[in-house]
Amino acid sequence: MARNKITAPRIVEMKREGVPIAALTAYDATFAAVQDKAGLDIILVGDSAGMVVAGDPDTLSITLDEMIFLCRNASRGVKHALLVGDMPFGSAQLSTEATISAAVRFMKEGRAEAVKVEGAGPALAAIRRMTAMGIPIMGHLGLTPQSVNSFGGYGLRGATDIEAQRIRDDALALQDAGVFSIVLEKIPIELARVVTEDLDVPTIGIGAGPHCDGQILVSYDMFGLGPKFRFVRRYLEGDRLIDGAVRKYIEDVRNRDFPSEDESFAG
Ligand code: KIV
């Protein structure tokens, strides 16, 4: 069936229609194309690339240039999903002008159709300006991994009344600044439910329970590559399957079973 291109307004409309939004991350053209063809609504080129692609212990080191390179690559595989570029640490914190210029680069060079910004307070002025300029913004609250050093780890956020209230207030402030959706990461189910009810724009949960308007996962996690997390459902045992394939390949090469005549050229 022919699919319409997903846009930021369509994502908002999906909440009104009660259609759950399905999102995953991708970091290159090949995976993005397969995921897009399967019917995802949103593909996020997440700064989780710093961990799952670059192998860093956190998302702090990946640069704007590196994120733009990954986003541009993913864009070549995406036809239908909304392509969102994740503003890396330092690109949305320094000043309103610097934030806008980073987002413009993401769209011009990375071919992103929207950008995601972690947190609210200091970023609100820039978010307001960018949405007024026509740049669709996705917010991100709760466990914002770029703040891992302030948080002291990757634990649950919003577990105290004060922090839960701050997340509710920040979500409303982001909506007021014009975001088209908000990622809620690793917060209690009940908090995610009330934030979702508070808002007209959709919430997209990761480790935030079933009451969000949509769900997102790091694709490598749901493909079963790397460590297991409680909030991730593994749809593929990627580690095991790839390990098995590589072992069989090594065996076939050692046994001179690969390549066969059919896999070679006579001349
Ligand atoms: O960087 C990322 O992949 C993300 C998602 C987990 C929402 O921000």
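FYI, it's all coordinate maths here, none of it is from the lab. Everything numeric in this text was worked out from a predicted model, so none of it was measured. Cβ coordinates were reconstructed from backbone atoms using ideal geometry, including for glycine residues, and neighbour counts include every protein chain displayed.
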Tilt relative to the chain, helix 161-177 - C-alpha long axis, 0 to 90 degrees, to 10:
90 degrees
Where a ≥ b ≥ c are root eigenvalues of the Cα gyration tensor, a/c under 1.5 meaning rounded, otherwise prolate if a/b exceeds b/c and oblate otherwise, the stretch 8-236 counts as rounded
With each label point set 7 Å from Cα along the Cα-Cβ vector, what nm distance links Asp56 and Asp200?
3.7 nm
Considering only the other residues whose Cβ falls under 10 Å of the Cβ of Tyr154, what net charge follows from Lys and Arg at +1 and Asp and Glu at -1?
0
With a cut-off of 8 Å between alpha carbons and a minimum separation of six or more residues, what is the relative contact order of the stretch 8-236 in percent?
19 percent
Helix 238-254: angle to the longest alpha-carbon principal axis of the chain, degrees 0 to 90, nearest 10?
20 degrees
For Ile100, net neighbour charge (Lys/Arg +1, Asp/Glu -1) across residues whose Cβ lies under 13 Å away:
+3
Do the alpha carbons of any pairs in Lys15/Lys116; Lys79/Lys186; Lys5/Lys186; Lys15/Lys228 sit beyond 28 Å of each other, and which pairs?
Lys79/Lys186; Lys5/Lys186; Lys15/Lys228
Angle between the chain longest axis and helix 124-133 axis [Cα atoms, degrees, rounded to 10]
70 degrees
Separation of the Glu251 and Lys5 label points, Cα + 7 Å toward Cβ, nm
4.8 nm
Dipole magnitude (debye, nearest 20) for the chain, charges at Cβ of Lys, Arg, Asp, Glu
360 debye
For the chain, what does -39500 (n - 2.57) per DSSP helix run (n ≥ 4), summed and divided by total residues, give at 222 nm, in deg cm²/dmol to the nearest 500?
-12000 deg cm²/dmol
Give the separation of the Cα centroids, the stretch 1-69 to the stretch 187-264, in Å.
13 Å
How much length is gained if the chain between Phe69 and Ala38 is pulled fully straight, taking 0.36 nm per residue apart and subtracting their Cα-Cα distance, in nm to one decimal?
8.8 nm
Under 9 Å from the Cβ of Leu199, count the other residues' Cβ atoms, weight Lys and Arg +1, Asp and Glu -1, and hand me the total.
-3
